[in-house]
Each structure stands twice: as structure tokens, then as C-alpha cells.
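Colleague: Could you have a look at this structure, given as C-alpha cells, before my questions?
The values are calculated or read from the model by the stated rules, or taken from the named source; none is laboratory data. Everything numeric in this text was worked out from a predicted model, so none of it was measured. Neighbour counts run over all protein chains shown; Cβ positions are idealised from the backbone, glycine included.
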Amino acid sequence: MDVPSILRNEAECLGTISPRYPHTSLSDSEITSALQKPVWPDGSAQTICNVAQGRRDICFVVSDATRRTAVNRILPLVLRGLRERGCSTDRIHIVVATGIHRAPTADEIEMILGHDVARELRGRITPHDPDDESALAHAGETRRGCKVRLNRRAMESDCLIVFGAVSYHYHAGFGGGRKSIVPGLAARDTIALNHSLALDHEKNSFRRGVQIGRLDGNPVSEEMLEGAMLRRPDIIVNTVVSPDGRLVGVASGHLDAAHRAACAMLERCARADISEPADLVLATAPGARDWIQAHKALLNAARAAGPDGLVALWAPCPEGLGNERFRMWARMRDIP
């Protein structure tokens, strides 16, 4: 973003913070190579093809249209590999992890999966519904007492493979990984209980440990992981995608270990050190569909501002607020 000339002339510009993503997307051969090097805590070499071999009912989980995952680059390669192993795609069903977002449109499903995959698996693509009791199943209870109910198809599948992208998240620390299950595949009441851990109602602020880029010591993120482990995916694939949609990183393997590996890739591209707090921060969220998505840029930008600093955010938000309940968040005083 260009700094307006009036500001350049009348104020000291501390600098422009920009990500450092690679300039080119991964090639198909580079993606395939990355998928052949899974990340498991025990050093296992189990790939997607190994995990899916011989399974009767395979459930793929993909993110909805509110985030870029480049899964349309990954899925054709995965399906080709499965077919080469003799695994029929007739065994595969896709669940779109919406959390409490709206269901994707037909055009959005094609955008998420790619035209060929959407056509091949037509009739076997189901958006998650957090309010459909018949489509939910009890998974268990966390140590904090949260009853976890998840998408029934995912719960009962013979093989669960989760695709997602890592990104910075204002209260989960990072997107992707655990977050594709809770809240992605969770019941509305499970999601509400999890998200309530973000708030210290007495102080009208976020709880200690709840912040962007933090997994450990973050009660929201730790609860998400515990809930997701009640139906741990057989394998995950997490991507790193640049703001303009280029696929620049891939990690697969264990739910937590592969997620952390992808988060480390993101950190190398997008984390920035601030030399000193600014009085004014100009920020943009040009791709934000609604205020729920746009405000994440606001929270990031606020970390660069001083105690009495101001943040000016430009975001189009063509779909408006996104959720009326979000008005409560807009009244928060303290941002970690």
C-alpha cells in the first residue's frame, strides 16, 4: 500500500510492513515431493496413499470459501495417486468444514475443489451443518468439560483426511490443523463453548494467552486440539498460500506435527518484527468478504500501534458484518 503523500510530507514514516512470500507457486512435482515427506512425531513415512490403501469409506474435509487453501492444486494430484494405487474415487466423500459460516454456493464449491474434481465427485460433496442434529455425533468431552459433537460422516468414516491452510488467527493463534475439526466440523454449541474461552468477561478483554500466532498456552487453541483429537484425522495436508493465492508451502502428516510444520513455514513468510510502535498504522484487507474476516487485519495492525496510536483499516466487506453476534467483539477494549 502506498503511503499518501500528505503523510510522507508531514510525518515520519517508520516503514512499510510486507510479507516475504516466494515469488512463484510450487509446481506439481514440488507438491508431490512435499506430500512424499510427511511429518509424524514417530518419524513414520505414512503418506496419504499409504493411509487410504484398503479403506472402504474415505472422507475428505476441505475448508469453505472464506479462506484460500489452494486445495484445487492438491486434490487432483492426490486423486491421481490414489487411482494409481487402485483406490476407487467412488469411496470418497467430501465434507466442507463451514463451522458456523453459511454453506458454499455451487460456484464456490467449484472454486474450492477445481472444476474437474467438483464434477468427478458431484453428489458426494456435503457442506457441514452445525445445527443439523441428525448429521452430528457425540465425540467425547474435553478436560474443561466441553461436550464435543462433530460431523457424523467424518466421525464414522473409515479414513479421515483433512485439507486446510495455515494462517494467523486472532484467537486460535493459527488457522488450519486442529481448527478444521473444531470449529470446522463441530456443532454450534460446541463452537460456542470453545470460542467462549477467548473472553475474560470480568475484564471485557481476551484471556491471557489468547493471541495471534500462539498455540501453546492459548486456552482456545489447546481446547481445539483436544476436541479434534477425539476424532483425530488419519492424515492432514496443510498449505501456505500467499495473499494473491500462490501455493508456496505444503506439509502433511500428523494433525499437530504437520500443522506446526506448516505454521513454521508461514512464520518465515509473514511474521514481522516491529522496531518501535507507531502513532498511526494504515492497513488493508482487500480480499475480506465481510467484517468478521476483515477485523483480523485490524487486530494484526493494532499490534504495531502504540498505546495511544490509531489504526486506519481499508476493507471492502461486500457481505457486510458477516454475523450480527459479532457486534459484541467490536466492543472489546483490550487486544492482546
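Colleague: Taking the residues in segment 77-90 that are surrounded by fewer than 17 Cβ atoms within 10 Å (Cβ to Cβ), under 26 Å from the mean Cα position of the chain (by Cα) and not hydrophobic (A, V, I, L, M, F, W, C) as candidates, determine which candidate is modelled with the lowest pLDDT.
Modeller: Thr89
Colleague: Checking the condition surrounded by fewer than 22 Cβ atoms within 10 Å (Cβ to Cβ), modelled with pLDDT of 90 or more, among the hydrophobic types (A, V, I, L, M, F, W, C) and outside the structural domain of Ala187 (by TED's automatic domain parsing), which residue from Leu298, Leu310 passes?
Modeller: Of the residues listed, the single one that is surrounded by fewer than 22 Cβ atoms within 10 Å (Cβ to Cβ), modelled with pLDDT of 90 or more, among the hydrophobic types (A, V, I, L, M, F, W, C) and outside the structural domain of Ala187 (by TED's automatic domain parsing) is Leu310.
Colleague: If you don't mind, there's one more thing I want to ask. So how many residues does segment 136-167 have that are among the β-branched types (Val, Ile, Thr) and closer than 27 Å to Arg73 by Cα?
Modeller: Here the count works out to 3.
Colleague: Any residue that is of a type in the set (Lys, Arg), in contact (Cβ under 8 Å) with a residue 60 or more places away in the chain and closer than 20 Å to Gly175 by Cα - is there at least one of those in segment 48-71?
Modeller: yes
Colleague: Let me ask something else. Has segment 36-54 got at least one residue that is closer than 15 Å to Phe163 by Cβ, at pLDDT below 95 and not aliphatic (A, V, I, L, M)?
Modeller: Within segment 36-54, none of the residues are closer than 15 Å to Phe163 by Cβ, at pLDDT below 95 and not aliphatic (A, V, I, L, M).
Colleague: Search segment 51-107 for residues being of a type in the set (Asp, Glu) and part of a loop (DSSP other than H, G, I, E, B), and hand back the single one that is nearest to Leu121 (Cα to Cα).
Modeller: Step by step, filter segment 51-107, then rank; the result is Asp57.
Colleague: So if I check each of Ala258, Ala186, which one is within 30 Å of Arg20 (Cβ to Cβ), surrounded by 24 or more Cβ atoms within 10 Å (Cβ to Cβ) and among the small types (Gly, Ala, Ser)?
Modeller: Ala258
Colleague: Of all residues in segment 152-203, which are free of Cβ contacts under 8 Å to residues at least 60 places away in the same chain, closer than 14 Å to Ala139 by Cα and of a type in the set (Gly, Ala, Ser)?
Modeller: Within segment 152-203, Ala187 is the sole residue that qualifies.
Colleague: What strands (runs of 3 or more DSSP E) lie completely within segment 115-233 and have 1 or more residues being of a type outside the set (Ser, Thr, Tyr), assigned by TED's automatic domain parsing to the domain that holds Val95 and in contact with a Leu (Cβ under 6 Å, 6 or more places away or on another chain)?
Modeller: 136-141, 147-151
Colleague: Select from segment 145-174 the residues that are touching a helix residue (DSSP H, G or I) at 6+ places or on another chain (Cβ under 6 Å) and farther than 18 Å from Ile48 by Cα and list them in ascending order.
Modeller: Cys146, Val148, Arg149, Arg152, Val166, Tyr170, His171, Ala172, Gly173, Phe174
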